1. Using the Karplus curve 6.51 cos²θ - 1.76 cosθ + 1.60 with θ = phi - 60°, what ³J(HN,Hα) values do you get for each residue of the range 123-131, in whole Hz, with x for Gly and Pro?
2. Would you mind ranking R89, R28, R80 so that the residue whose beta carbon has the fewest other beta carbons within 10 Å leads the list?
3. Excluding I88 itself, what net charge comes from residues whose Cβ is under 15 Å from its Cβ, given Lys and Arg +1 and Asp and Glu -1?
4. Got the relative contact order for the range 1-133 handy, in percent, Cα pairs under 8 Å and 6 or more residues apart?
5. For the chain, set up a Gaussian network in which alpha carbons nearer than 10 Å are linked by springs, and say which option among G63, G103, G86 fluctuates the most.
6. Using a 10 Å cut-off around each Cβ, can you sort K71, K12 from fewest to most neighbouring Cβ atoms?
7. Can you show me the helix-derived [θ] at 222 nm for the chain, built from DSSP H runs with n ≥ 4 at -39,500 (n - 2.57) apiece and divided by the number of residues, rounded to the nearest 500.
8. In whole Å, what are the extents of the chain along the principal axes defined by its C-alpha atoms, from largest to smallest?
Amino acid sequence: MGAQKGRDLLLKIDSDGLGAFETVAGLRTRALSLNAETVDVTHAESAGRWRELLAGAGVRRAGLTGAGIFKDDASDELVRSLFFDGLIRAWQIVVPDFGTIEGPFQIAALDYAGSHNGAVNFELSLESAGELTFTAL
């Protein structure tokens with residue numbers, strides 16, 4: 001993947017649970033993290049005492065953080081209600097020239113901040129809550 005504009009990475013949510021995804025907010029910064037735990041199966045007879053890992057055995061997870069401003073009152077209300085209700089909803093993370101990651105996420109953190117002479121902004125953290133799919137572009 002070559003150089004891309006950060007604003008082209010989109011965060012969308014299935015706002016009504018029926019599969020219609022819409023951009024949730026005007027994110028100004030965002031980061032996607034994909035992780036996989038490893039399962040160490042090293043034993044006394046491991047070649048050269050090098051660590052051995054069990055393929056495909058670890059827990060996989062995805063996390064997304066973003067900060068920005070809500071595009072309207074409806075977006076603010078949707079995200080806030082999902083957080084306070086502890087609901088898991090389908091989200092899409094669109095990475096240009098790479099693909100789309102889709103699946104259930106839960107809002108793990110929601111922070112609001114603002115300066116005296118600026119707009120109120122928010123920070124959002126999502127954690128995967130089930131199987132994710134990847135569709136290449």
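1. Computed from phi, the couplings for the range 123-131 are 10, 10, 10, 10, 10, 4, 9, x, 5 Hz.
2. On the way: R89 18, R28 12, R80 15.
Going from least to most buried by this count: R28, R80, R89.
3. Values: positive: R61, R89; negative: D14, D16, D85, E102, E127, E131.
Summing Lys and Arg as +1 and Asp and Glu as -1 gives -4.
4. Working: 257 pairs, mean separation 33.9, N = 133.
Relative contact order for the range 1-133 comes out at 26 percent.
5. Judging by the Gaussian network model, the answer is G86.
6. Going from least to most buried by this count: K71, K12.
7. Numbers: 1 runs with 13 residues, N = 137.
Computed ellipticity for the chain at 222 nm equals -3000 deg cm²/dmol.
8. Reported extents, whole Å, longest axis first: 64, 36, 34.
Here, each number is a calculation from the coordinates, and none is a lab measurement. In this text, all values refer to a predicted model and were calculated from it rather than measured experimentally. Virtual Cβ from ideal backbone geometry, glycine too; neighbours counted across all protein chains shown.
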